[in-house]
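Student: One structure, pasted below without further comment.
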């Protein structure tokens, strides 16, 4: 019996506290929805804890990271408030083998830019457009169990050029109602760690309630753990 | 003064002879339009010749290949009529350093499947949809001088999953009015040769008259030559 | 309880029958040593069968392939005797998701060249030199449990240039006493299938009795199964 | 007539000033030898300037970078003395399209680690061993005009594991008399910029006087310029 994967869900947890509209979608925070989804989809195979920006060390002490197999990261409004010392620590953990799943606006987080070395800039437009998430690598573990395409009725548009190094594995490409495309599901390997970036998910839409999006994130957690 | 690149434009040249509609778009064959475009865009830097299926050895004798720096390939209706011996010869030439630019339905040509080792299958639908060709690697030589995106008013849809090995360089991703996406601009390196696949172009639409499409093909010829 | 991986060990099985020296190293064939090693190292997680060139359809009927999760391939003296129809069938199985582990001189097999599209040529010298197999991707599943480097006292030298497409993942690089280097542990993904090439192993040396070499092959079988 | 490539050779320039042994090899600094080599090999195609650590802004002001097409980087003893502000500036320049050629112990420079996101650690031993530099990608522009292998009589050993992201293109692999291997010629693409890392070269050996090493660096400068 293998021990459970230890997952830490990190959420900036700012929009949910400051916006009524966001709180209606995520009354207990996006992290709560993700935690519930992982527990439901992966069952005894995972043990989930949550960490947020306003905790001491943002909940990411050396001890916490030492007991984390995979860290998920959502941030947007407060990237700059993440302490450089914590970023150093998370980077070291990833290079040492911890998995990292970066979500949506986390593309601009310090830790993602640190690990990739590029600006991680992209095009965007927030008009609630339909996003289609197409699998381009159907044998990839992260793409198992989702339809072709995943249909997300309303989303912020993220478009190319996405300034990242060429991904080590490209799993998903999104299109938007406006015609844009985006490499929204990308694997990177850095040091001994595995990194997955997944673009769907914005505080203004109920994307993390979407069952296919939850399935991808659950798959990504397992993949990032090297399981 | 470097010597000119020697380009051979290969065209199956079947649809133009059998369909009035196609002939109206390409009265002298698609190869004639491509030859004119390369001569116009690259000038003295290239010397263009044409070869077609119905010529002896499909116009691709050992001598012809020995004098070719880059070969472009368009085929659709008659892939199976290409002699295996000629495919062997073209494969050897590519591995020896000849560039190859494979266009549109050439994804199912014997030579492309031979060099890639996969089925090269894809999804398609021919309803004259708008295609947008997005650059994802803006520093790539093949992407120079074209708008973001290239707009093609009417095209056959090609969609994922495209069963190819992960490209060595991914330059363009297309979206279609129906929402599909396609890795339509892909570089592969095989042996000493460079291969570029570019999906726009169908006999039913005037795509090879499109100035941006012509620009991409001219850029690809120079890139594939290793110039 | 997951069902066991179904592994088919394919061996040309010619040298062992025609050379006393080889028979002394592998009295029941190299396949017997590999089958024993996989059974010992992977236990109930695998079910191993063996197939050889001289069987009907080389032991690789459609039925046999349909019941194979991972195929290992060793050939050298009789590559040309493998029927093209069987190669077609194995290629289709790999593209459909069967794993393939190609060993040593299998680099020149029809199936490896078919799947990669290149000549797969290399430099070689058979003087029983020491080979060191260095891990360059220490987090890769195939590199788990082996020393840095693996030391093989006597081996045929395989050297660069190895005419393969850039591997999707490079796991091992060998050096030889004569100073040559070789990308001897390479992963490729084609269609839905995973391919691993591993260069150690020659009929003239007891390489497949080497515990670290056996460990790598066992790891590769699990990796190629997508397990 | 294209304008000349503007190359800035950056050298920490510490060992040459503090060690008699190093000064005997490089009386005017390693930068002087590299500058002379580039001027000799590339002629009117380049215009070379030099910058060193002890200059204001280490000679890398915004103005200097704006007039640099390719920057080469050698550092060892004083990586930590490079100002973070200058590293920010160089990173931005690379992402904006400036080429970067990182030499030998520059693997531990702030700028290289910043752009790659990993520790860039490696194994090493300084015993004046013979290094052989093998080309594994013979069609690559950086590998043109050098023998297979390049023989360097005495060098510091650099060995795997080299903690870098998988290179976008792997051009050279070195072996050392002690049997180690090293991915010593690696291309990375970040933003619009091209980066080449080349491991030969140590202050204790006359490696930058070696004609093949000079040829590689000249080739790399042209490649990194996107020329």
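Student: Could you list the residues of the stretch D:167-190 with an amide nitrogen less than 16 Å from a label point located 7 Å from the Cα of residue D:153 in the Cα-to-C-beta direction?
Tutor: Zone members listed by number: D:177.
Student: Identify the residues of the stretch B:1-28 with backbone N under 19 Å of a label point that sits 7 angstrom from the Cα of residue B:67 along the Cα-to-Cβ direction, or state none.
Tutor: Residues B:3-11 qualify, since their backbone N sits under 19 Å from the label point.
Student: Of all DSSP beta bridges located in chain C, what percent are antiparallel, nearest 5? Walk me through the numbers before you get to the answer.
Tutor: On the way: 23 of 43 bridges.
For chain C, the DSSP antiparallel bridge percentage is about 55.
Student: Which distances, in nm and shortest first, link the residue C:147 label point to the same label point in every other copy, taking 7 Å along Cα→Cβ?
Tutor: Label point to label point, same position, other copies: 3.5, 5.6, 6.5 nm.
Student: Quick one: in chain D, whose Cβ comes closest to the D/A rotation axis, and how close in angstrom?
Tutor: Spelled out, residue of D and its Cβ distance from the axis onto A: D:117, 2.
Student: Something else: Between rounded, prolate and oblate, where does the stretch A:21-110 land on the alpha carbon gyration tensor, with a ≥ b ≥ c its root eigenvalues, rounded for a/c under 1.5, else prolate if a/b exceeds b/c? Spell out each step's value before the answer.
Tutor: On the way: a/c = 1.79, a/b = 1.12, b/c = 1.60.
Since a/c reaches 1.5 but b/c is at least a/b, the shape of the stretch A:21-110 is classed as oblate.
Student: What distance in nm separates the simple spin-label points at residue D:209 and residue A:125, each placed 7 Å from Cα in the Cβ direction?
Tutor: Roughly 6.3 nm, to one decimal.
Student: Further question on the same structure: Please check: in the Gaussian network model of chain A (C-alpha springs, under 10 Å), which one of A:56, A:211, A:200 has the largest mean-square fluctuation.
Tutor: A:56
Student: How large is the Kirkwood hydrodynamic radius of the protein assembly as shown, counting all unique pairs of alpha carbons, in Å?
Tutor: Values: mean 1/r = 0.0345 Å⁻¹.
Computed over Cα pairs of the protein assembly as shown, the Kirkwood hydrodynamic radius comes out at 29.0 Å.
Student: Is the C-alpha gyration tensor of the stretch A:77-181 telling us rounded, prolate or oblate? Criteria: a/c under 1.5 is rounded; beyond that, a/b larger than b/c is prolate, otherwise oblate.
Tutor: Numbers: a/c = 2.22, a/b = 1.43, b/c = 1.55.
Verdict is oblate for the stretch A:77-181.
Student: Between Rg and the Kirkwood Rh of the stretch D:20-69, both from Cα atoms, what is the Rg to Rh ratio? Present the calculation step by step, with values, prior to reporting the outcome.
Tutor: Details: Rg = 12.9 Å, Rh = 12.4 Å.
That ratio equals 1.04.
Student: Can you list, shortest first in nanometers, how far residue C:92 lies from the same residue in the other copies, with each label 7 Å from Cα toward Cβ?
Tutor: Those separations, rounded to one decimal, come out as 3.0, 5.6, 5.9 nm.
Student: What is the pair-distance distribution P(r) of the stretch A:1-154, computed from all Cα-Cα distances in 10 Å bins starting at 0, with each bin given as a whole percent?
Tutor: Reading the bins upward from 0: 10, 34, 39, 17, 1.
Student: For chain D, modelled as a Gaussian network with Cα springs under 10 Å, which listed residue fluctuates most, D:214, D:203, D:148?
Tutor: Ranking D:214, D:203, D:148 by mean-square fluctuation puts D:148 first.
Student: DSSP beta bridges in the protein assembly as shown, what fraction antiparallel, as a percent rounded to 5? Don't skip to the answer; put the middle values down first.
Tutor: Values: 92 of 172 bridges.
Antiparallel bridges: around 55 percent, rounded to the nearest 5.
Student: Counting each DSSP H run of 4 or more residues in chain B as -39500 (n - 2.57), what helix-only mean residue ellipticity at 222 nm follows after dividing by all residues, to the nearest 500 deg cm²/dmol?
Tutor: On the way: 7 runs with 61 residues, N = 227.
Mean residue ellipticity, 222 nm, calculated: -7500 deg cm²/dmol.
Student: Placing the label point 7 Å from Cα along the Cα-to-Cβ direction, what are the distances from residue C:39 to the equivalent spots in the other copies, shortest first, in nm to one decimal?
Tutor: For residue C:39, the other copies' label points sit at 4.7, 7.1, 7.3 nm, shortest first.
Student: For the stretch A:139-227, rounded, prolate or oblate, judged on the Cα gyration tensor with a ≥ b ≥ c (square roots of eigenvalues), a/c < 1.5 rounded, else prolate if a/b > b/c? The partial results should precede the final answer.
Tutor: Details: a/c = 1.87, a/b = 1.29, b/c = 1.45.
In terms of gyration-tensor shape, oblate.
Student: Test of understanding: in a Gaussian network model of chain A with alpha carbons linked when under 10 Å, which of A:179, A:159, A:75 would top the mean-square fluctuation ranking?
Tutor: Checking each option, the largest mean-square fluctuation is seen for A:179.
Every number here is computed from the coordinates shown, using simple stated rules; none is lab data. Just so you know, these numbers come straight off a predicted model, no measurement behind them. Here the Cβ is made from the backbone with ideal geometry for all residues, glycine too, and neighbour counts use every protein chain on show.
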